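The values are calculated or read from the model by the stated rules, or taken from the named source; none is laboratory data. The shown structure was predicted, so the numbers you read here are calculated from the model rather than taken from an experiment. Cβ atoms come from the backbone with ideal geometry, glycine included; neighbour counts cover every protein chain shown.
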Amino acid sequence: MSASNYYVLAVAIAVGFFFVVWGILHDSGDEMPWITAGISSSILLGGSVIVREIILRSSRKATVVGQAFEREKQNQLPRNASDRSSARKLTIEANAVILNEIRQKSGAAKLLNNISSSHREVFEMCREYLSLNEAELKGIRPNSPRLAPLLKGRTFAAECHHFHLLRWAEIETRSLTAEAQGGGTAIERVESAEKALHVLDTAIGFYPEDAALAQSRSVVQELIASIEVSGLIEMAERSVYLADHEYALRCYGEALRLLEGDLLKGESLDDVKVRVLQEIEHLKFLQKKGCELSDIS
């Protein structure tokens, strides 16, 4: 609808609304019905103007975003088949440029040794290069001059990827386990430990034979189990205080299951296990006694 037609219609509706409100108020005995009717119709007319402006702005924004997206999409499309071929081909010059950038980023990450994001940037660059390098080597001729630079680049990038991924995993795991061992609720601590476990799983996905990664994963799993046991015991104690013996038994039972599993190890846990067993027996005794008293009554 054009602006003129829209505003004519809005004015007509506002005028009609004025007379309707005026009539209702006049019949109800209002001494000055035109004031309320005039204010109401003015609000209606002003609202129609605001609504139209909001709709127009949303429409213009959607149009601009759509046009920008289409332009970006067109710019990303190769112009022809020769462009697509050259875009896929890793030349000696392009290979050297990528490796030089990786080398510079690696040096900066080693300088900023304790910043995990810098190490992550390097190993992701290496991963992308190795993927491209592998695709090139599959179709390269044995006598191609690109073969030697690509093989050398693959060796360098693989070593760089291994170093920086392990360094990233070490920094992230240390930080997250420190959070898990610190303050906060049991749920928050478990979440931090599970994030550390996810980091290690990511690293193990690349290097499944790495013994240090496997050992770190076992340590984090044990940490998660110990936090869960502590949280379950706390909930059980709170439930006992609230006289909810049934829920306390479930919490103690789940804690005992974790204590008897393979994740938690150490002689210090024997005392915890004995204490949990004693609490379970005590709660069962209270339940039995309560049932006997109930039967007597």
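Points worth noting:
- Within the range 1-27, residues that are at pLDDT 80 or above reach partners that are among the hydroxyl-bearing types (Ser, Thr, Tyr) with beta carbons closer than 9 Å, at six or more positions or on different chains, in the pairs Ile13/Ser41; Ile13/Ser48; Val15/Ser41; Gly16/Ser41; Phe19/Ser41.
- Only listed residue being modelled with pLDDT of 60 or more and either assigned by TED's automatic domain parsing to the domain that holds Phe156 or closer than 30 Å to Arg174 by Cβ (or both), chosen from Ile102, Ile43, Ile55: Ile102
- Filtered residues of the range 251-297 (kept if assigned to a helix (DSSP H, G or I), over 15 Å from Val229 (Cβ atoms) and modelled with pLDDT under 65): Gly290, Cys291, Glu292, Leu293, Ser294, Asp295, Ile296
- Taking every residue in the range 116-131 that is free of Cβ contacts under 8 Å to residues at least 12 places away in the same chain and outside the structural domain of Ala196 (by TED's automatic domain parsing) and pairing it with any residue that is part of a helix (DSSP H, G or I) and not basic (Lys, Arg), at least 6 positions away or on another chain, yields no pair with a Cβ-Cβ distance below 7 Å.
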